[in-house]
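Since every read-out is calculated from the coordinates, none of them should be taken as a lab result. Just so it is clear, the model here is predicted, and its values are computed rather than measured. Reconstructed Cβ throughout: ideal geometry from the backbone, glycine too, with neighbour counts over all protein chains shown.
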Amino acid sequence: MFRIAALLLTTLLASLANAASTKAVRFGKLWDGHRVLANAVVIVENDRIQSVTANGAVGGGVEVINLKRYTGLPGLIDSHTHMTYYWDGAPDTTPRRQPPRHVAVTVFLAQANARKTLEAGVTTIRDMNGMDGADTAMRDLISMGAMIGPRMFVSGVGIRNYPTRPDVPDLVAESVRRAKAALDAGADWVKVFGSTGGFDNVTGDQTVSYEEMKAVVDMVHAAGHKVAIHSYGPAAARDAIRAGCDTLEHATDLDDDTIAEMVRKKIFYVPTIDHNQYYVENADNAYKFPPGTKDNLSNYIQRNFETAKKAFRAGARMLVGSDAVYNGFGLNMRELAWFVKLGMTNQQALETATVLPAEMLGMENSLGAVAPGYFADMVAVEGDPLTDIQVVIDKVRWVMKGGAVVVDKTRVRSR
Ligand SMILES: [Zn+2]
């Protein structure tokens, strides 16, 4: 009787040991978020990194994933997406002219966006406007393991005081009410559309006042959350920085004082330059934008780039935000090429998609680096991103998220 019990216990312990899986991942080279390690060995236990060593040895009985041909990086973070904006490319539709769908259908279809995002090496995103709870639903399904996709931090419905302004007697109270409603519905962040601008519209007229922004920021901070403010133009951006937002989105033509205040307050700047390049490329075939749109977009890109360059030189902390929508998923890291073009070193550019956004999210002790105790979120790229940033954009070959391999193209040899 005792022998049988002991045998059963031994069997049980053995199966538990198997369930608690340990993996050793070997990279030819690893940029861990701070420095480069040659012949790195990363030991992963369940969803976390246990150890990182250069020229490390691997003990027996451990599953080895051999990525010696590749360079390892921390799982990448895209600080501005619209994961629930789905378009299947059906004839007689455009991304913005589609038949209405039930929110559950949207959530199901948007899995395709989530997969393309992972394939771009992105294991975490901050989503900046989702309707009817589609974004919180995706976030929760992904964290439950019921849907495959990047970790999501979501804003719910962004606050937009235009064009409803004339109907609302107290816009300050109304803005706070809407922000609170977003948090009550499960949002991690609050998004405020502080100006016009988006899609083919590159106007940046302020639509939310300083008083409204300030009241929202104060309430949201008191509730333990953070605020992102969208502004295409300089006026709403100036007030967003004065009001103490946590991140500023888009924002061209910033004046020197606003840039200086942004740097002093350590507010993150997410310029989303490549987003309008994506619109230029899709203006005719996908979006069917009116004539002249591409000229407006190109003009805006130029001003966006110059403003970002100025902000970087002044010491602003900048983040990769793709502003990915519809058929733009998978291009998430193209912003890195713009950042290198405006003067960042490759390492500085990589920081804008790893350690810096981890800090922005308040996750600097578990995301954005390959280090003991961190989530096992890692990417393998073909080539050396410290000399050629393009390999992070289009040569992602393997992705691990939370200890699970979610993308593996290592067996398809590229020519
Ligand atoms: Zn956006």
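Hydrodynamic radius of the stretch 16-137 by the Kirkwood approach over all distinct alpha-carbon pairs: 17.4 Å. Once the Cβ-Cβ distance of R303 and H102 is raised to the sixth power relative to R0 = 35 Å, the FRET efficiency obtained is 0.30. Normalised Debye scattering of the stretch 206-317 at q = 0.11, 0.12, 0.22, 0.23 Å⁻¹ gives log10 I(q)/I(0) of -0.39, -0.46, -1.10, -1.16, counting only Cα atoms as equal scatterers and leaving out solvent. With a ≥ b ≥ c the root eigenvalues of the C-alpha gyration tensor of the chain, is it rounded (a/c under 1.5), prolate (a/b larger than b/c) or oblate? Cα axes put the chain in the prolate bin. The spacing between the stretch 354-415 and the stretch 87-165, judged by their C-alpha centroids, is 22 Å. Mean separation of Cα pairs under 8 Å and 6 or more residues apart, divided by the residue count, gives the stretch 100-219 a relative contact order of 22 percent. Applying 0.36 nm per residue to the separation of Q348 and Y210 and subtracting their alpha-carbon distance, the gain on full extension is 46.4 nm. For the chain, the relative contact order comes to 19 percent (Cα pairs under 8 Å, sequence separation of at least 6). Only Cα pairs under 8 Å and 6+ residues apart enter the sum, and on that basis the relative contact order of the stretch 191-268 stands at 29 percent. Number of Lys-Lys pairs in the stretch 100-255 with C-alpha atoms under 22 Å apart and a separation of 8 or more places or on different chains: 6. Net charge dipole, the chain: roughly 1280 debye, given to the nearest 20, about the Cα centre with Cβ charges of +1 for Lys and Arg and -1 for Asp and Glu. Across all C-alpha atoms in the stretch 159-198, the radius of gyration and Dmax reach 10.8, 29 Å. Ranked by the mean number of other Cβ atoms within 10 Å per residue, highest first, peptides 315-328, 284-297 order as 315-328, 284-297. Sequentially through the stretch 69-74, phi angles give Karplus couplings (6.51, -1.76, 1.60; θ = phi - 60°) of 6, 10, 9, x, 9, x Hz, Gly and Pro residues having no value and appearing as x.
Note on the chain: antiparallel DSSP beta bridges, both residues inside, total approximately 50 percent of the bridges counted. For G198, the residues whose modelled amide H falls within less than 5 Å of its own, excluding neighbours fewer than 5 places apart on the same chain, are T203. Using θ = phi - 60° in the Karplus curve 6.51 cos²θ - 1.76 cosθ + 1.60, the 3J(HN,Hα) couplings for the stretch 83-99 round to 4, 8, 8, 10, 9, 9, x, 4, x, 6, 10, 10, x, 9, 10, 10, x Hz; x is entered for Gly and Pro. Along its three principal directions, the equivalent ellipsoid of the stretch 103-261 from the Cα gyration tensor extends over semi-axes of 28, 18, 15 Å, largest first.
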